[in-house]
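Single-structure report; data block below.
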Amino acid sequence: MSLKIRLTRGGAKKRPYYRIVVADARAPRDGRFIEKVGAYDPMKPKDDPARVILETEKVQAWLAKGAQPTDRVLRFLDAAGLAKRPTRSNPQKAEPGTKAKERAAARAEKAGAAADSAE
């Protein structure tokens, strides 16, 4: 059985509140879970200590049993010092697309032609 430590959504419409739970990977997102190990309230300010609440002993026990945290939960665990999140880097993601490069080249050419005619 593959276990995940993940978020389940609760709260009202446009007022999200998440529980951090250990669940079978095949279970629905808001469905059956094994144990609640924390909570996350994104409506609170980022510097509020009650924004993320973790029961560290339970989390460590489930990690030792082989439960895999999702990316968002891994961020919380890294901030709490319970797990190490590897840094990701995709330098090509910030590069503009081919059409944008063509438009920039056309703009630069047009600006260069305007500067030459002004002289």
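Here is a yes/no grid of residues against (1) at pLDDT below 85; (2) assigned to a loop (DSSP other than H, G, I, E, B):
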residue: Val59; (1), (2): no, no
residue: Trp62; (1), (2): no, no
residue: Arg85; (1), (2): no, yes
residue: Pro91; (1), (2): yes, yes
residue: Lys99; (1), (2): no, no
residue: Glu102; (1), (2): no, no
residue: Ala111; (1), (2): no, no
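Identify, please: which residue in region 34-49 is within 26 Å of Ser2 (Cα to Cα) and open to solvent by less than 70 Å² (accessible area, probe 1.4 Å) and is, among those, farthest from the chain's Cα centre (by Cα)?
Residues of region 34-49 that are within 26 Å of Ser2 (Cα to Cα), as a first pass: 34-40.
In the following step, the residues that additionally are open to solvent by less than 70 Å² (accessible area, probe 1.4 Å) were identified as 35, 37-40.
Numbers: Glu35: 22, Val37: 18, Gly38: 17, Ala39: 15, Tyr40: 13 Å.
Among residues in region 34-49 that are within 26 Å of Ser2 (Cα to Cα) and open to solvent by less than 70 Å² (accessible area, probe 1.4 Å), the one farthest from the chain's Cα centre (by Cα) is Glu35.
Do we have any residue at all in region 33-56 that's assigned to a helix (DSSP H, G or I) and not basic (Lys, Arg)?
Initially, region 33-56 is screened for residues assigned to a helix (DSSP H, G or I), giving 56.
Narrowing the set further to residues that are not basic (Lys, Arg) leaves 56.
Looking for residues that are assigned to a helix (DSSP H, G or I) and not basic (Lys, Arg), one finds at least one in region 33-56, hence yes.
Here is a list: Arg103, Arg75, Arg107, Arg88. Which entry is closer than 16 Å to Lys4 by Cα, among the basic types (Lys, Arg) and free of Cβ contacts under 8 Å to residues at least 24 places away in the same chain?
Answer to the check: Arg75.
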Among the residues of region 2-20, write down those that are touching a strand residue (DSSP E or B) at 6+ places or on another chain (Cβ under 6 Å), more than 16 Å from Asp71 (Cα to Cα) and free of Cβ contacts under 8 Å to residues at least 24 places away in the same chain.
Gly10, Gly11
Of the residues that make up region 21-31, is at least one free of Cβ contacts under 8 Å to residues at least 24 places away in the same chain, assigned to a strand (DSSP E or B), surrounded by fewer than 17 Cβ atoms within 10 Å (Cβ to Cβ) and of a type in the set (A, V, I, L, M)?
no
State whether one or more residues within region 68-78 are assigned to a loop (DSSP other than H, G, I, E, B) and within 19 Å of the chain's Cα centre (by Cα).
yes
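The values are calculated or read from the model by the stated rules, or taken from the named source; none is laboratory data. Nothing here was measured: the structure is a model prediction, and the numbers come from that model. Ideal geometry is used to build each Cβ from the backbone, glycine not excepted, and the neighbour counts take in all protein chains shown. In case anyone asks, the SASA skips ligands and DNA or RNA and just uses the protein heavy atoms, side chains included. Shrake-Rupley method; radii C 1.70, N 1.55, O 1.52, S 1.80 Å.
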